[in-house]
Amino acid sequence: MARPRTPRISQKRLIRIALRVIDKDGLAAFSLKRLADELQVHESSVYHHYRYKHLILEDVVRLVLSDIDVTTMPTGYWKDYLLHASIRYYRAVVAHPNLVPVLQTSSHPPYTHAVENHTAAMLFQSGFPARYVVLIREQLESLILGAVQYSGNIELFTEVDVRHAALVRATRAVGEITPEERIFHALRAFLDGLELQLPLWQQSAPDPDPGVSTSSAGPSTQAAPGLGDSEQALSG
């Protein structure tokens, strides 16, 4: 189909309407035809900007993640940094939970690589061996996207038989914790575990080139252990 010479809609408006459709009705309901209907234009107007659906989804994700700026986050200690960065990522995605399948089934696009490089450089500078840096990011990603899935109407356990007294007690107790508090505690536990593991990793897998990626990490991250001001991450 030939593209119209003059677009009837802006690319920015198209992406915002696409996000609105996905938020309201989910990915299954999203199509180029549905988008054109919502915009009250012919499909050719959508094709002027995008030939394929997956390209629209890439820019929808870009819009959702555009406000995350890791360069403004704490740089005193790696645990503070990772906690704040993860909470910001969680907040960006939990506002649009229907995008989780897109994030789970695609690699991080190139426009996120500068942010990821900043994170990797900080971990290198903090003494993490290179072989574990991507592993840490993978597990943080799993924690955050999993938390988003369980932040809505999905419950891990429902209609628990009263004979399973321990599980009944646990499910009642978790209901007293907000979704953001749940991911906060999960992240704290994960990061505390990393702190204990770091000396063992340094002994068993020393980095053969420890200075290769520290140039963009910013100020030194070898501050005294502890989470510092990370208790404020939920309100920051």
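The values are calculated or read from the model by the stated rules, or taken from the named source; none is laboratory data. Keep in mind the model is a prediction, meaning the values are calculated, not measured. Cβ: placed from backbone, ideal geometry, glycine included. Neighbour counts: every protein chain shown.
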Taking the range 38-54 and the residues there that are surrounded by 14 or more Cβ atoms within 10 Å (Cβ to Cβ) and in a helix (DSSP H, G or I), the one that is nearest to the chain's Cα centre (by Cα) would be Lys53
Note: among Tyr81, Tyr132, Tyr50, just one is within 20 Å of Ile15 (Cβ to Cβ) and of a type outside the set (D, E, K, R), namely Tyr50
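If I filter the range 147-160 for residues that are under 21 Å from Gly193 (Cα atoms) and not in a helix (DSSP H, G or I), do I get at least one hit?
Pass one, the range 147-160, residues under 21 Å from Gly193 (Cα atoms): 147.
If we keep only those that are not in a helix (DSSP H, G or I) too, we end up with none.
No - not one qualifying residue is present in the range 147-160.
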Taking the range 133-182 and keeping residues surrounded by 11 or more Cβ atoms within 10 Å (Cβ to Cβ) and acidic (Asp, Glu) leaves Glu141, Glu155, Glu180, Glu181
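Condition test on Gln149, is it at pLDDT below 90 and either in the same structural domain as Ala92 (by TED's automatic domain parsing) or within 29 Å of Val93 (Cα to Cα) (or both)?
yes
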Scanning the range 119-132 residue by residue, those surrounded by fewer than 19 Cβ atoms within 10 Å (Cβ to Cβ) and assigned to a helix (DSSP H, G or I) turn out to be Ala130, Arg131, Tyr132
Subset of the range 58-85, residues among the β-branched types (Val, Ile, Thr) and outside any loop (DSSP other than H, G, I, E, B), comes to Val60, Val61, Val64, Val70, Thr71, Thr72
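Conditions (1) of a type in the set (Val, Ile, Thr); (2) at pLDDT 95 or above; (3) buried (at least 20 other Cβ atoms within 10 Å of the Cβ); (4) part of a helix (DSSP H, G or I), marked per residue:
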residue: Arg5; (1), (2), (3), (4): no, no, no, no
residue: Leu19; (1), (2), (3), (4): no, yes, yes, yes
residue: Asp23; (1), (2), (3), (4): no, yes, no, yes
residue: Ala36; (1), (2), (3), (4): no, no, no, yes
residue: Ile56; (1), (2), (3), (4): yes, no, yes, yes
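Only one residue in Tyr90, Tyr77 is surrounded by 20 or more Cβ atoms within 10 Å (Cβ to Cβ), in contact with a Gly (Cβ under 7 Å, 6 or more places away or on another chain) and of a type in the set (Phe, Trp, Tyr). Which one?
Tyr77
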